[in-house]
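Shown next, in structure tokens, is the structure this report addresses.
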Amino acid sequence: MPETLTGRDDEALAEQVYQLVLEGIVAGRYEQGARLRERELSELYDVSRIPVREAIQRLEQDGFVETFPRRGAVVRQLTLTDVNELFDVRLCLETFAARMAAVRVAAGDPGGRLQELLDDTRQAIDDDRTDDVVRLSAAFHAEIVRLSGNRLLIESVKPLFGRMRWIFGLAHNRSNELQRDEHMELCNAILGGKADLAYTLAYSHIELGREPVLRGLAETLEP
């Protein structure tokens with residue numbers, strides 16, 4: 001791959017590197033506190049340092065990476081405060097998204113993808129594919145946001161769902177079957193166009209997940 005790339009090439013490559021490093025962080029291949037060296041990443045992904053630098057800057061903006069003098073970029077050390085704040089923001093944004101998704105489905109927008117993700121999650125649970133369950137759960141919530149039709153909200157929550165997958169990969173102390181049942185009720189409310197019920201179920205589902213996650217991370221994360 002040439003060292004000098006066009007602006008468009010760099011932008012596309014930076015997006016690819018961003019996604020690859022993000023997946024590495026979420027999956028635990030890049031542990032909290034681990035250094036992210038531009039030279040090593042450029043060699044690993046066979047790109048110049050320019051898209052790597054841009055990807056790291058974006059990861060820092062989205063809250064996955066921190067930069068320190070003389071150490072450079074490192075994977076952020078999560079705290080229990082970070083986890084609590086994630087749930088607080090989800091209560092604000094995802095409940096609104098659930099309400100609007102139900103309104104739009106009632107007005108004729110298709111919601112079949114939500115049911116597909118629910119079915120895929122059910123199969124992943126039956127097959128004991130834990131990593132896929134976490135991924136599909138995040139995708140289910142992201143689809144609700146997409147169904148809201150609010151473009152600013154859709155763009156704003158992308159880093160949020162990356163953070164959600166990261167945290168749930170570290171601590172996931174609720175029964176998959178219980179979460180599946182809650183997802184099913186929420187899905188039915190949205191597809192049935194029941195906006196107020198969708199809002200209430202989304203709020204309950206998110207809040208019920210807070211304490212088990214905090215409990216699971218209490219011994220490994222600082223306050």
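Rg over Rh for the stretch 104-223 works out to 0.97, both radii taken from alpha-carbon positions and Rh defined as the Kirkwood radius.
Per-peptide packing, taken as the mean over residues of other Cβ atoms within 10 Å, places 26-36, 84-94 in the sequence 84-94, 26-36 from highest down.
By how many degrees, 0 to 90 and rounded to 10, does the Cα axis of helix 130-148 deviate from the longest principal axis of the chain? Taking Cα atoms only, the helix is inclined about 70 degrees. Restricting the calculation to alpha carbons of the chain gives Rg and Dmax of 18.8, 56 angstrom.
Rolling a 1.4 angstrom probe over the protein heavy atoms with all chains in place gives the chain an accessible area of 53 Å² per residue. Restricting the calculation to Cα atoms, the stretch 128-189 shows an Rg/Rh of 0.99 when the hydrodynamic-style radius is the Kirkwood one.
The values are calculated or read from the model by the stated rules, or taken from the named source; none is laboratory data. For clarity, every value in this text was computed on a predicted model and none was experimentally measured. Positions of Cβ are generated from backbone atoms using ideal geometry, with glycine treated the same way; all protein chains shown enter the neighbour counts. We work out accessible area using only protein heavy atoms, side chains counted, and drop any ligands, DNA or RNA first. Shrake-Rupley method; radii C 1.70, N 1.55, O 1.52, S 1.80 Å.
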